[in-house]
Amino acid sequence: MPIWNNYGMGRRHFMQHMATAAATLPAVNFLSHLQANAATVKANNKACILLWMSGGPPTIDIWDLKPGSKNGGEFRPIDTAAPGVQISEHMPGTAKVFKDLSIVRSMSTREADHGRGRYFMHTGYVPNPTVTHPTFGSVVSYEIGRSRTALEIPSFVSVGGGSGQAGFLGMSHAPFVVGSDGRINNAPTDDAKKRLPGRLEMLAAVESNFIKSKRGELPEAHKDVYKNAVNLMTSRQMAAFDVDKADPSFGLEAETEETKAMYNPAPGGGAAMGMRGGNGFGQSLLMARRLVQTGVPFVEVNLGGWDLHQDVFNTLSQQRLPVLDRGISGLVTDLKQRGMLDDTVIVWMGEFGRTPRINQNTGRDHWAASWSNMIGGGGLTNGQAVGATDADGVRVADNSKAYLPGDIWATVAHAMQIPLNTVHTSKRGRPMKLANGGTPIKELLG
Amino acid sequence: MNRLPQWIKRITGASVGVSVFFAGVSMSNTGLGEDAAELSTVEFIDANIQQGYEDNEIRPSAVAGDDEWVRRVYLDIAGRIPTLEEVKQYLSDESPRKKTALIGELLDSQDYVRNFTTIWANNCIGRRTPRRVSRKGMEKFFREAFAKNRPWDEVVVDIVTGEGHFEENGAVNYTLAQMQMADEAVQLTAMTTKMFLGMQVQCTQCHNHPFNNWQQSQFWEFNSFFRQVRKIEHRKVDPETGRRVDDFSEVVTRDFSGPVFFEKRSGLMQVAFPIYQGTKVDPNAFDRRKEFGKLLVAADNGETPLIAKAFVNRVWGQFFGYGFTRPVDDMGPHNPASHPDVLERLAADFVSSEYDVKQLISWVANSVPYSLTSRFGDDNEIDNPSAGEMPLFSHMYIKSMQAEQLYDSLISATNAHKSGKGGWEAQESQRRRWMQQFVAAFDTDENDEATTFNGTIPQALMMMNSELINKAVNAERGSFLFETVTKPGKDAEKLQELYLAALSRRPSRSEIGKAQKLFSAYGRNGKLYAYQDLFWALLNSNEFICVH
């Protein structure tokens, strides 16, 4: 269905309008995109999938157990496929694939408030009222997404939201938020698609005046976002969001039941979580893999429910960890089978860890002084635990280097071949170092 | 700067905090002399802000045209754009006092009550109502407060000290919303100080404040006031199914005396007693929150109560897009105000007016800075807070409409309100259902939430393709578009009506020319389509979604 062919308006006529009245609205350059083949995407196929644990996960019960300590809790450690590295007994699937993953056990981040921690971990910068730092997904969108001209869907997708803002990199690098079912709200009907060219012409005519009058950047940003939205609406790459859809031109198949099962706990285990995003997590990760396959360089997947001020052990063993374990092992296995793991770096983090001390409600509170992140894939030297906490988990061990989120993101940048000396400029003209000048974790570099 | 400890440099990136600090100091030194006290509140605002232009060697933008201003004031006070009739009426009014008159009219309207109820219900319980909290109760409380123009100090005390059934005393829903987790009232403490006192003490829960002298103990002293609060979530038996189901929630005061214990970073346990601004309350007080309420409004130390300053800063921020501090709820020695004298004067006069909310809004909206256009020129280009600069209020800053404002504005622009369905509750619930597509919860004890109504793609898709927009442009019989397009008259006149309804202004001659040229491509039989597409474009334009 040729999109320009309505109301007697010929393609040439329409394209002329688009070129003159609205160089601003390249609504229909999707054709050239469609013709670009998957090879262009393949040329640079680095990607990052961030598993965001909203609420602050108790890493002392997952990645850095303290058996024998008063803070140790109820879980036992088990061996993993990586010699010498032990993790929680409730993460058996992850333990099996641990050769491709690593733990950083000496995160020390100071921010133990959800909002501040979320910002710090996502950006590498402490919140500052006069500037909005870009969340790292926006940095990747800016650095890598812009050059992927065959990509018509947004280059930073957030499944579940809460990923932060693009800040001074501009609205077109903001996360595109979708639900775990991948359904795009308010997708256009066929009729709406047909009428789009005429409407966009009208829009260009209406908007130009306001953009030209000096009113700051909001009107400009609006235009950029509409451009992205139009690209998305008319793109066949939308199939990446729907795990049951195939589009051979991007190498996308409809996912089989076996593949889906890899990502999800068996019915019963963890299925009770309903709206807290339990079972949605597996599907979200599967969608993330499809998005990466299509060329999206940064996908964030949110798993909530970690703010465990009470009843931490039952909740972990019966709800959170089965879902997390299955999700991680499924993702690693699937990426590996498809030969995508070396180009896809996986990061696992939340706002902060949780208190080593167990409170009177059998919960753990907020704790940023000593906790763990997980990182894997991406061609890094995996299968290790970097850094350590002391015997009770209350501080970073004396002989261990403490790490900040900037160091994690610098490691990701290294894996994605984003030059570490990249500097962005804030709106005020201040230089901002990539990942706040963090250093890649040397043990993880190949 | 060089004397700052290394870790401060590392976490602040560079010297931002310091330069803001100096900007604040230079501003507060530009006093207006001894005559200042004789100026009326609005004159004082105008003169002080004017002084800021001179000190920074800029010139303010021109006063906005009637069309720009009328749209702005409707959005800020009534929460929606003016209807076609309302715009026409204002534009044709020749009274020199029409601005003040309109501000007064809007403050007496139902729409003001609705708008401020929405804003404050969202502030207190979020857009996504937490479990076992009654939005209906919370909204009823604010609706009464704003409709009767209850003094703000009474409103705050009711919220902070409220007890009882969540629909009989709607104020308690604030407390219920902050008590989603068994966290020893930590969230209630943090939110209360932030929302009503403009103090962000939440980081001092775990350590002393890095940039001022707030101590960790202070957090727990605040917290001590809230430790007698208990919520009860009642259940009842459903007579039809015989099952137990949720009934009402309730806030009660429980028997708790003695100090609160907290853990220092060193691991030492310490005690804290209920102390507010240096005044200690008897830990055996029967109801500590009542004592807290009394302290909040007390002004015996000669200083303007924080609840007044915090509210003034919020209202200013709501009208200008930027408050005197950034963020508006983080005031204190570490974060000096851009215009401390204006803030202080407004707050003091607000207290003298017995916390008259409408009076405060009227002062803000009648000020000269509020009347300026959002266009800026070479003379005041540097006044750009979105780049991190201190606001000088030399032109109006553009804001994005909130989701509720957009919804209500679409209804105004398309005459949907005339089809008159349901009362307050029905309309509210319709809007609320629509809102849900944009709200996601973070699932934390802070009960915070993210919105995708933030100018990104989901919002654009909604504006382009949603049912709401389809309804607005589908030109059904009786709709605004249908009536306008089918009545006799020239295209140019009809175009004018469309522009007035959507953008509250008349189209320029060149805009009419452009539209007519585009219309010709639709052919004679496509006229209705052409109008639909133009109206779609007007509603999707940057000018529509911006409050300017």
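The values are calculated or read from the model by the stated rules, or taken from the named source; none is laboratory data. From a predicted model like this one, the values you see are computed outputs, not experimental measurements. Using ideal geometry, Cβ is built from the backbone for each residue, glycine included, and neighbour counts are taken over all protein chains shown. Only protein heavy atoms, including side chains, enter the accessible area calculation; ligands, DNA and RNA are left aside. Shrake-Rupley method; radii C 1.70, N 1.55, O 1.52, S 1.80 Å.
Among the candidates A:ARG110, A:ARG118, the residue that is under 20 Å from the mean Cα position of the chain (by Cα), within 12 Å of chain B (Cβ to nearest Cβ), closer than 30 Å to B:PRO336 by Cα and not polar (S, T, N, Q) is uniquely A:ARG118.
In this structure, is A:PRO219 open to solvent by less than 20 Å² (accessible area, probe 1.4 Å), more than 7 Å from chain B (Cβ to nearest Cβ) and not in a loop (DSSP other than H, G, I, E, B)? In short, no. The condition of being assigned to a loop (DSSP other than H, G, I, E, B) and more than 7 Å from chain B (Cβ to nearest Cβ) holds for A:GLY164. In the condition set (1) part of a helix (DSSP H, G or I); (2) open to solvent by 20 Å² or more (accessible area, probe 1.4 Å), B:THR484 is compliant with all but (2).
Sort out which residues of segment B:360-411 are assigned to a helix (DSSP H, G or I), small (Gly, Ala, Ser) and more than 19 Å from B:TYR53 (Cβ to Cβ), and write them in order of number. Break it down stepwise before answering.
First pass over segment B:360-411, keeping only residues assigned to a helix (DSSP H, G or I): B:360-365, B:368-371, B:378-380, B:385-387, B:403-411.
Next, only the ones that are small (Gly, Ala, Ser) stay: B:362, B:365, B:371, B:386-387, B:403, B:409.
Correct list: B:SER362, B:ALA365, B:ALA403, B:SER409.
If I filter segment A:125-146 for residues that are of a type in the set (D, E, K, R), closer than 18 Å to A:SER163 by Cα and open to solvent by 10 Å² or more (accessible area, probe 1.4 Å), do I get at least one hit? Working first, answer last.
As a first pass, look at segment A:125-146 and keep what is of a type in the set (D, E, K, R): A:143, A:146.
Keeping just the survivors that are closer than 18 Å to A:SER163 by Cα gives A:143.
Next, from what is left, pick out any that are open to solvent by 10 Å² or more (accessible area, probe 1.4 Å): A:143.
Checked against the condition, which is being of a type in the set (D, E, K, R), closer than 18 Å to A:SER163 by Cα and open to solvent by 10 Å² or more (accessible area, probe 1.4 Å), segment A:125-146 yields at least one hit.
The rows are residues; the columns are (1) at pLDDT below 95; (2) in the same structural domain as B:ARG314 (by TED's automatic domain parsing); (3) touching a Ser or Thr at 6+ places or on another chain (Cβ under 7 Å); (4) closer than 26 Å to B:ALA145 by Cβ.
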| residue | (1), (2), (3), (4) |
| --- | --- |
| B:TRP363 | no, yes, yes, yes |
| B:GLY388 | yes, yes, yes, no |
| B:GLY420 | yes, no, no, no |
| B:GLN430 | yes, no, no, yes |
| B:GLN437 | yes, no, no, no |
| B:THR451 | yes, no, no, yes |
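Counting only residues that are in contact with a strand residue (DSSP E or B) (Cβ under 7 Å, 6 or more places away or on another chain) and in a helix (DSSP H, G or I), segment B:109-165 holds 0 of them. For segment B:444-453, the criterion of a residue being touching a Pro at 6+ places or on another chain (Cβ under 9 Å), part of a loop (DSSP other than H, G, I, E, B), in contact (Cβ under 8 Å) with a residue 60 or more places away in the chain and more than 10 Å from chain A (Cβ to nearest Cβ) is satisfied by no position.
Given the structure, is A:GLU74 surrounded by fewer than 22 Cβ atoms within 10 Å (Cβ to Cβ), without any contact (Cβ under 8 Å) to a residue 24 or more places away in the chain and charged (D, E, K, R)? So A:GLU74 does not fit the description; no. Just one of (1) away from chain A (no Cβ under 13 Å); (2) free of Cβ contacts under 8 Å to residues at least 24 places away in the same chain fails for B:SER466. It is (1). Of all residues assigned to segment B:523-541, at least one qualifies as being part of a helix (DSSP H, G or I), closer than 19 Å to B:THR83 by Cα, within 11 Å of chain A (Cβ to nearest Cβ) and without any contact (Cβ under 8 Å) to a residue 24 or more places away in the chain.
Figure legend. Inter-residue proximity from segment B:487-504: first residues on the phi > 0 side of the Ramachandran plot and part of a loop (DSSP other than H, G, I, E, B), second residues open to solvent by less than 10 Å² (accessible area, probe 1.4 Å) and not aliphatic (A, V, I, L, M), beta-carbon distance below 8 Å, spacing 6+ or different chains. Indicated pairs: B:SER504/B:ARG71; B:SER504/B:PRO82. If the condition is being open to solvent by 40 Å² or more (accessible area, probe 1.4 Å) and either assigned to a loop (DSSP other than H, G, I, E, B) or not assigned by TED's automatic domain parsing to the domain that holds B:GLU168 (or both), then segment B:227-258 contributes B:ASP238, B:PRO239, B:GLU240, B:THR241, B:GLY242, B:ARG243, B:ARG254, B:ASP255, B:PHE256, B:SER257. Checked across segment A:310-325, the condition of being buried (at least 24 other Cβ atoms within 10 Å of the Cβ) and aromatic (Phe, Trp, Tyr) holds for no residue. Among the residues of segment A:127-138, are any within 11 Å of chain B (Cβ to nearest Cβ) and among the aliphatic types (A, V, I, L, M)? Within segment A:127-138 (the criterion being within 11 Å of chain B (Cβ to nearest Cβ) and among the aliphatic types (A, V, I, L, M)), the answer is yes, since at least one residue qualifies. State whether the residues of segment B:137-155 include one that is over 24 Å from B:THR452 (Cα atoms), open to solvent by less than 20 Å² (accessible area, probe 1.4 Å), more than 18 Å from the chain's Cα centre (by Cα) and not basic (Lys, Arg). For segment B:137-155, residues over 24 Å from B:THR452 (Cα atoms), open to solvent by less than 20 Å² (accessible area, probe 1.4 Å), more than 18 Å from the chain's Cα centre (by Cα) and not basic (Lys, Arg): present.
Considering segment B:505-522, and only residues there that are part of a helix (DSSP H, G or I) and facing chain A (nearest Cβ under 9 Å), the residue that is surrounded by the most Cβ atoms within 10 Å (Cβ to Cβ) turns out to be B:ALA515.
Determine whether segment B:353-370 contains at least one residue that is over 29 Å from B:ALA64 (Cα atoms) and open to solvent by less than 30 Å² (accessible area, probe 1.4 Å). Give the derivation first.
If we filter segment B:353-370 for residues that are over 29 Å from B:ALA64 (Cα atoms), which is where we start, we get B:353-355.
The next check asks that each one be open to solvent by less than 30 Å² (accessible area, probe 1.4 Å); those that pass are B:355.
Within segment B:353-370, one or more residues are over 29 Å from B:ALA64 (Cα atoms) and open to solvent by less than 30 Å² (accessible area, probe 1.4 Å).
Where residues in segment A:173-192 are under 17 Å from A:THR234 (Cβ atoms) and more than 9 Å from chain B (Cβ to nearest Cβ), which of them is most open to solvent (accessible area, probe 1.4 Å)? Within segment A:173-192, the match that is most open to solvent (accessible area, probe 1.4 Å) is A:ASP190.
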